[in-house]
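J.: For reference, the structure I am asking about is given below.
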Amino acid sequence: MDHKQHENLTAGLNDLLGFHLAEWRPGYARLEVELDDRHKNRQGGLHGGVTAALIDAATGYCGIFEPDPARRRSNATVSLNINFVGRPKSRKLIAEAELDRAGRRLYFASARVTDDSSTLVATAEAVYVYVDRKTESTTK
């Protein structure tokens, strides 16, 4: 899938935080972000919420791949468990997520966040529910 086809997928908070969907295919998603001052916490380090949002986006995408936007499924996070295990040593974060199992209504995914020098920053497991787009649009 080329960049133009999924350019608009990182709108909203993902865009605000500078996330880039670098790779997306069945059962896999890779998101990247160049860290800057907006990603820092009060102490000047990486804010955990940025890492959590990056993981949520990556694990969310890995379970709904469909090249045709008209057929793409929607989803909602049911559970997100994150283990913060290290600090990045560089300014680029990479979240790689894989689909572990998918059923008719739920799917399970896992993710790893590293910096671009392979320092492990976080691991995660997530559960999502598939959402009917018609139902979703009526609740907004």
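J.: Return the FRET efficiency for the residue pair N81, D37: r is the Cβ-Cβ distance, R0 is 22 Å, and the value is rounded to the nearest 0.05.
T.: Computed FRET efficiency for N81 and D37 comes out at 0.15.
J.: A follow-up question, please. Taking amide H atoms as placed 1.01 Å from N in the peptide plane, list the residues 5 or more away in sequence, or in a different chain, whose amide H sits under 5 Å from that of L46.
T.: Long-range HN contacts for L46: N41.
J.: Once Rh is set to the Kirkwood radius over Cα pairs, what Stokes-Einstein translational diffusion coefficient, in µm²/s, holds for the chain at a temperature of 4 °C and a viscosity of 1.567 mPa s?
T.: The calculation lands on 84 µm²/s.
J.: Using only alpha carbon pairs under 8 Å that are at least six residues apart, calculate the relative contact order of the chain and give it in whole percent.
T.: With pairs under 8 Å counted, the relative contact order is 23 percent.
J.: Here is a follow-up. Once both axes come from the Cα atoms, what is the angle between helix 48-62 and the longest principal axis of the chain, in degrees from 0 to 90, rounded to 10?
T.: Once rounded, the angle reads 30 degrees.
J.: What residues have an amide H closer than 5 Å to that of N75, excluding those fewer than 5 places away on the same chain, when H is modeled at 1.01 Å from N in the peptide plane?
T.: Here the answer is V131, since their amide H atoms fall under 5 Å of that of N75.
J.: With r as the distance between the Cβ atoms of H20 and T123 and R0 = 22 Å, compute the FRET efficiency 1/(1 + (r/R0)^6) and round to 0.05.
T.: It comes to 0.55.
J.: Using amide H atoms built in the peptide plane, which far-off residues or other-chain residues are under 5 Å from F65 H to H?
T.: G27
J.: Still on this structure, I have one more. I want to verify a result. In a Gaussian network model of the chain, Cα cutoff 10 Å, which of these has the top mean-square fluctuation: L16, L99, L46?
T.: The residue with the greatest mean-square fluctuation here is L16.
Read-outs throughout are calculated quantities, based only on the coordinates presented, and are distinct from any laboratory measurement. As the structure is a prediction and not an experimental result, all values here were calculated from the model. Methodologically, a virtual Cβ is constructed for each residue, glycine included, from the backbone with ideal geometry; neighbour enumeration extends over all protein chains shown.
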